[in-house]
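Report on the following structure.
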Amino acid sequence: MGLVGEKRYTYADYLHWTDGQRYELIDGIVYNKPYISSRYCQQISGAVHNQFYNYLSGKKYRIYFFPLDVRLADDEKDNDEDIMTVVKPELFICKENKVDERGCKGVPELIIEISSSELIGRDGQLKRNLYERYGVREYWVVDYNKNTVTVYLLNKNKQYSEPEIYTIKDIIHVSIFNNLSINLGTVFKL
């Protein structure tokens with residue numbers, strides 16, 4: 001993640017950027033987030049999406065994927081000029097009423113970032129702290145180089161507990177839903 005400038009921007013500014021780059025705003029600071037376009041990454045994203053999508057059918061939650069924005073507003077009544085944080089996770093789950101044509105306005109229950117080991121090391125702590133601060137209940141970091149998923153769960157003190165790291169042989173029991181498990185063997189199959 002590379003810092004683009006020192007000036008602080010809002011979501012209203014962000015809406016006018018048309019150069020085709022993938023930007024994120026974190027506390028008003030612009031970051032360039034590189035595209036991950038490998039075939040394997042797409043397969044992983046699709047496999048995770050399918051498992052959540054099938055489970056959520058008929059429920060009040062939905063799974064969404066890039067390029068929809070997640071506008072992390074301090075108050076859901078904030079307008080575009082007040083919002084200083086916009087991220088572009090690969091996948092996120094939230095209640096249907098939080099989503100409009102531009103994405104999620106508010107805090108998703110679960111965010112999934114899919115990245116390479118190199119990028120996770122570079123921006124992982126920044127995103128982890130951000131999602132913890134906003135109260136994202138479950139945050140997954142999928143490392144497609146190592147075929148691992150690191151899961152952060154928000155505890156009763158509104159902090160992330162020590163992460164659990166899962167591999168291709170594991171099944172993740174999704175904490176925000178009572179009876180959903182994601183089989184990583186089907187996610188990481190080649």
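Read-outs: derived from the displayed coordinates by stated rules, not from any lab. Everything numeric here is computed off the predicted structure, so don't read it as measured data. Methodologically, a virtual Cβ is constructed for each residue, glycine included, from the backbone with ideal geometry; neighbour enumeration extends over all protein chains shown.
A few comments on the model shown:
- Taking other C-beta atoms within 10 Å as the exposure proxy, Phe66, Phe188 rank Phe66, Phe188 from fewest upward.
- Within the straight-line cut-off of under 16 Å between alpha carbons, the aspartates and glutamates reachable from Lys127 are Glu24, Asp27, Asp69, Glu90, Glu109, Glu113, Glu118, Glu138, Asp143, Glu162, sequence neighbours fewer than 8 places apart in one chain being disregarded.
- DSSP beta bridges in region 2-187 [antiparallel fraction, %, rounded to 5]: 80
- Sorted on the mean count of surrounding Cβ atoms within 10 Å across their residues, most packed first, peptides 140-150, 53-63 read 140-150, 53-63.
- The residues Ile165, Ile120, Ile111, when put in order of fewest to most other Cβ atoms within 10 Å, stand as Ile165, Ile120, Ile111.
- Rounded if a/c under 1.5, otherwise prolate or oblate - region 71-190, Cα gyration tensor axes: prolate
- Relative contact order, whole percent, for the chain stands at 16, derived from Cα pairs under 8 Å and 6 or more residues apart.
- Order of Phe52, Phe92 under a 10 Å beta carbon neighbour criterion, fewest first: Phe52, Phe92
- Modelled spin labels at Ser117 and Ser175, positioned 7 Å past Cα toward Cβ, are 2.6 nm from each other.
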